[in-house]
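The values are calculated or read from the model by the stated rules, or taken from the named source; none is laboratory data. No experiment lies behind these values; they were computed from the predicted model shown. Neighbour counts run over all protein chains shown; Cβ positions are idealised from the backbone, glycine included.
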Amino acid sequence: MKKLVKFTVAAALAVAGTTASAETVLTVSTWASPKHNMNSTTFPRMSEILSECSGGDMSLKLEYGLAPPPAQYDTIRDGVADISWIVHGYTPGKFVTTKLAELPGIPGNAEQISTAYQATFEKYLADAGEAKGIQVLTNFVHGPGMANTVEPLEDGYRSLEGKKMRVGGGVANMIGTALGVAGVNVPAPAVYETIASGVAEGVFFPMETMFAFKTAELTKYSYVNPDGMYTTSFAVIMNQDSYDALSDANRKCVDEMRGVEMARWIGRIWDEADDFGRDKAVNEFGLTIVEMDADQRAYYKEKTSGIEAAVLEEVNGRGVDGAAALEFLKSQIK
């Protein structure tokens with residue numbers, strides 16, 4: 001906990017210091033609050049890495065409010081900003097191969113799955129060419145997804161049938177349908193208001209959101225599936241023209257930062273944010289965490305059993321061997 005805060009402050013100061021002197025300042029279109037780990041820790045660390053590599057010539061500048069979360073991809077492709085982070089599931093139909101990382105039944109934390117996911121992207125998924133006009137710096141996922149509710153689920157997953165739950169797109173939507181929930185689709189920053197107003201009775205979210213999106217103020221029960229309920233696929237992307245316009249030396253700095261190792265340390269930051277969110281939720285807001293028993297896990301597996309085949313069919317339709325890619329992804333999770 002103290003280690004995370006210490007790093008966040010140091011990284012934030014590094015951004016402030018390098019922005020003033022750097023000649024190449026890359027604009028980051030970002031969303032969520034400034035306290036979210038992407039804004040407080042991940043982008044400051046990126047700025048620090050690029051500044052150190054470039055001898056102080058390159059840094060990042062965060063800009064909020066340039067576009068809502070679902071429009072971030074277009075914002076970067078069209079050159080409104082240089083860099084952003086996107087949720088693949090917020091643009092239905094565009095990204096399909098990314099669903100492999102979101103499937104139920106894949107246990108692991110954010111660092112483990114993110115590292116395996118980026119390796120799978122490089123070996124199999126990049127060839128699908130789903131991201132056009134941009135550079136994918138890395139792909140990653142959040143930590144284990146959970147069902148979080150205002151009221152307790154008397155019969156676990158079975159009690160979700162008919163319940164109004166915010167689902168975040170991608171495979172989470174498919175899971176919601178399989179469990180019979182009344183799905184509510186809103187971007188993550190709108191979840192608090194959606195639950196507070198009674199439009200939703202809960203949300204599919206990871207533990208870091210208990211703090212980052214203040215979810216613990218409203219949802220008092222979190223249901224954890226050790227087998228892996230779901231996760232959400234993200235990417236850090238960069239405008240192609242911005243990348244091409246860099247000097248050879250600065251482009252080399254970006255290339256040395258990107259890829260599997262970047263996915264690894266971003267995933268680790270999200271895991272630390274999960275730990276922090278759990279601590280805040282339990283100790284300050286009285287969150288009750290329920291680990292699903294064997295019966296509940298078997299029920300969940302049976303209800304969601306058709307999702308993997310459906311996703312593999314979609315992935316195959318993009319010219320990628322979905323089964324081989326999924327097998328590789330699972331083999332890389334350590």
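Just the residues that are in a loop (DSSP other than H, G, I, E, B), over 25 Å from Lys301 (Cα atoms) and in contact with a Pro (Cβ under 9 Å, 6 or more places away or on another chain), please, taken from segment 81-119. Scanning segment 81-119 gives a single hit, Thr91. Looking only at residues of segment 128-157 that are at pLDDT below 95 and on the phi < 0 side of the Ramachandran plot, we find that the one that is surrounded by the fewest Cβ atoms within 10 Å (Cβ to Cβ) is Lys132. Among the residues examined, Val191 does not qualify as within 23 Å of Thr91 (Cα to Cα), in a strand (DSSP E or B) and at pLDDT 95 or above.
Once segment 158-210 is narrowed to residues that are among the charged types (D, E, K, R) and touching a Ser or Thr at 6+ places or on another chain (Cβ under 7 Å), the residue that is surrounded by the most Cβ atoms within 10 Å (Cβ to Cβ) is Arg166. Here the condition is being surrounded by fewer than 23 Cβ atoms within 10 Å (Cβ to Cβ), under 28 Å from Val171 (Cα atoms) and modelled with pLDDT of 95 or more; of Pro69, Pro92, it holds for Pro69 alone.
Within segment 240-282, can you find the residues that are within 18 Å of Asp82 (Cβ to Cβ), assigned to a loop (DSSP other than H, G, I, E, B) and in contact with a helix residue (DSSP H, G or I) (Cβ under 8 Å, 6 or more places away or on another chain)? Leu246, the sole residue that qualifies.
Counting only residues that are within 22 Å of Asp241 (Cβ to Cβ) and either in the same structural domain as Thr209 (by TED's automatic domain parsing) or in contact with a Leu (Cβ under 7 Å, 6 or more places away or on another chain) (or both), segment 26-49 holds 7 of them.
Among residues that are more than 30 Å from Cys253 (Cβ to Cβ), touching a Leu at 6+ places or on another chain (Cβ under 9 Å) and of a type outside the set (Phe, Trp, Tyr), Leu179 is included.
Within segment 285-295, is there a residue that is more than 23 Å from Thr115 (Cα to Cα), of a type in the set (Asp, Glu), within 23 Å of the chain's Cα centre (by Cα) and loosely packed, with under 13 Cβ neighbours inside 10 Å? Scanning segment 285-295 turns up at least one residue that is more than 23 Å from Thr115 (Cα to Cα), of a type in the set (Asp, Glu), within 23 Å of the chain's Cα centre (by Cα) and loosely packed, with under 13 Cβ neighbours inside 10 Å.
Checked against the criterion of being surrounded by 15 or more Cβ atoms within 10 Å (Cβ to Cβ), in the same structural domain as Lys99 (by TED's automatic domain parsing), in contact with a Gly (Cβ under 6 Å, 6 or more places away or on another chain) and farther than 18 Å from Thr120 by Cβ, segment 253-267 has no qualifying residue.
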